[in-house]
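These notes are about the structure you will find just below.
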Amino acid sequence: MIEVRELTKTYVLDGQVFKAVDNVSFVIGRGEMASIIGHSGSGKTTLLSLIGGLTKPASGSVLIEGKAIWSMSDDELSGFRNRKMNFIYQFSSLVPTLTALENILLPTAFGDHGENLVDYARELLGVVGLTEKENSYPSHLSGGQQRRIAIARAFINKPDIVLADEPTGDLDEDTENEIIALFNRMNKDAGTTFVIVTHNKEIAALTGHQLKMANGIVSDISRA
């Protein structure tokens, strides 16, 4: 499903070359729940961005379903992302002028999804426990509620892959457990492949495939 080959991303800081991702290779199979753990600054977010086609590598390749995403044109890559994957960022990134329901539906504005997904968006609102907030704007939602709306938004396109960057970072323990249960449900029922960046070892332990990142280098600790 996801194959990373000798992936490297470099930055220049104060005249020094810094490898945020250093010659990384691994494979995540279709339908897997995978986690990437590591300390802040280890390169986890950069790696997720490379996998998702948001940041271009200095060298190496990312193949999704056998397709090298960095060989695509910008338009091809944008369309591929819209059809195949969705993202959950560290911050909610909701559009302040849209309601909760409209924010969930936002990804459907790009590309032809062939169906009316309003009812599904309402179903997702129920899944994250915010049915009564359908018409609320982000300014009227707590930080945790905004995060749950962002998580619901990630599923509206029924993606094959969800890339999640610290998805439960600012949630209370009960809500965190509910979100992980949602991930497990989507993984089992829809076969969604998950790549979850987290510093929480308890969350990582719930995934079948665990990768550890330190100083830009990845080790596959679940298959060591």
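FYI, it's all coordinate maths here, none of it is from the lab. Every value quoted in this text rests on a predicted model; they were computed, and no experiment measured them. As a convention, Cβ positions derive from the backbone with ideal geometry for all residues, glycine included, and neighbour counts pool all protein chains shown.
The table below gives the values:
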item	result
Region 158-224 and region 46-62: distance between their alpha carbon centers, rounded to Å	19 Å
Per-peptide average of other Cβ atoms within 10 Å, ordering 82-89, 137-144 highest first	82-89, 137-144
The chain, helix-only ellipticity at 222 nm - DSSP H runs n ≥ 4, -39,500 (n - 2.57), divided by all residues, nearest 500	-9000 deg cm²/dmol
Prolate/oblate/rounded call for region 41-117, Cα gyration tensor, a/c under 1.5 rounded	oblate
Spin-label model distance (nm) - VAL17 vs VAL118, 7 Å beyond Cα toward Cβ	5.5 nm
Among THR192, VAL4, GLN90 - extreme Cα towards positive end, dipole of region 2-223, charges at beta-carbon	VAL4
Magnitude of the charge dipole, the chain, Cβ model with Lys/Arg +1 and Asp/Glu -1, debye to 20	520 debye
Long-range amide H partners of SER35 with built H, under 5 Å	ILE196, HIS209, GLN210, LEU211
Phi to ³J(HN,Hα) by Karplus 6.51 cos²θ - 1.76 cosθ + 1.60 over region 23-29, Hz, x for Gly, Pro	6, 8, 9, 5, 10, 10, x
Region 19-80 shape via C-alpha gyration tensor axes, a/c threshold 1.5	oblate
Given charges at beta-carbon only (K, R positive; D, E negative), |dipole| of region 47-93 in Debye	100 debye
Dipole magnitude (debye, nearest 20) for region 111-224, charges at Cβ of Lys, Arg, Asp, Glu	300 debye
Region 54-166: C-alpha gyration tensor shape, a/c 1.5 cut-off, then a/b vs b/c	prolate
At R0 = 30 Å, FRET efficiency that the Cβ-Cβ distance of LYS67 and GLU173 yields, to 0.05	0.15
Listed residues ILE203, LEU47, PHE110: farthest to the positive end of the dipole of the chain (Cβ charges)	LEU47
Estimated vicinal HN-Hα couplings, Hz - region 71-86 in sequence order (Karplus 6.51, -1.76, 1.60; Gly, Pro = x)	9, 7, 6, 4, 5, 4, 5, 4, x, 5, 4, 5, 7, 9, 9, 8
